[in-house]
Amino acid sequence: MLVIREGGGWLAEVAALGVVRRARCLVTLDHQMRDLLGTNSVDYQFQTGDAELDRLLMQIRSAKGAAGRYEERARRLTRRALLLPSGGSGRDLAVLLGLSHQRVHQLMRHGLPNAEGEA
C-alpha cells in the first residue's frame, strides 16, 4: 500500500480496492488502514518527501524481514538439536544453544515449538 506525505498530512492508496484515505497524522491513517483491511499487519510503501528517509525505511523493512526469516530458521534448528539424544543435560544444552537452562527445560517439558512457533 502506498502512503504519501502530502501537505500537512498523509494519503494512503489501496489500489487493489480503489480506496484512498487521508489523515493529518500517520498514526490515524494507520488505524484507518488496519480497520479497512481487517488486519494488524499492513505492508506500507512510504513516500515521505525525503528520498534518504524513504531509502532507509525500505532497508529497515528488508532487514527486519530477513531477521524474521533467520529467527524462524534458528527456531527450527534449535528444535532439531533438542530432539537429538546426544545433546547432554538441560544445562549443557542451554550453553550449547545459547538459551537459559529454564528455557531448555520449558521446551523439553511442554513440547518443542513446531515450524510456526507453536508448542
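We did not get these values from a lab; they are worked out from the coordinates using the rules stated. Remember, predicted model here, so these are calculated numbers, not experimental data. Every residue, glycine among them, receives a Cβ derived from its backbone with ideal geometry; neighbour counts consider all protein chains shown.
Our helix-only sum for the chain, with -39,500 (n - 2.57) per DSSP H run of n ≥ 4 divided by its residues, gives a mean residue ellipticity at 222 nm of -17500 deg cm²/dmol.
Charge tally for Leu84 (other residues, Cβ to Cβ under 14 Å; Lys, Arg +1; Asp, Glu -1): +2. Taking N as the residue count of the chain, its C-alpha radius of gyration divided by 2.2 N^0.38 Å amounts to 1.58.
Under the criterion of Cα pairs below 8 Å and six or more residues apart, the relative contact order for the chain equals 16 percent.
The mean sequence distance of close C-alpha pairs (under 8 Å, at least 6 residues apart), as a share of the length of the range 1-67, puts its relative contact order at 29 percent. Note on the chain: with charges restricted to the Cβ of Lys and Arg (+1) and Asp and Glu (-1), its dipole about the Cα centre is near 480 debye. Could you tell me which of Ala23, Val104, Thr48 has its Cα farthest along the dipole of the chain towards the positive end, charges placed at Cβ (Lys, Arg +1; Asp, Glu -1), taken about the Cα centre? Ranked along the dipole, the leading option is Val104.
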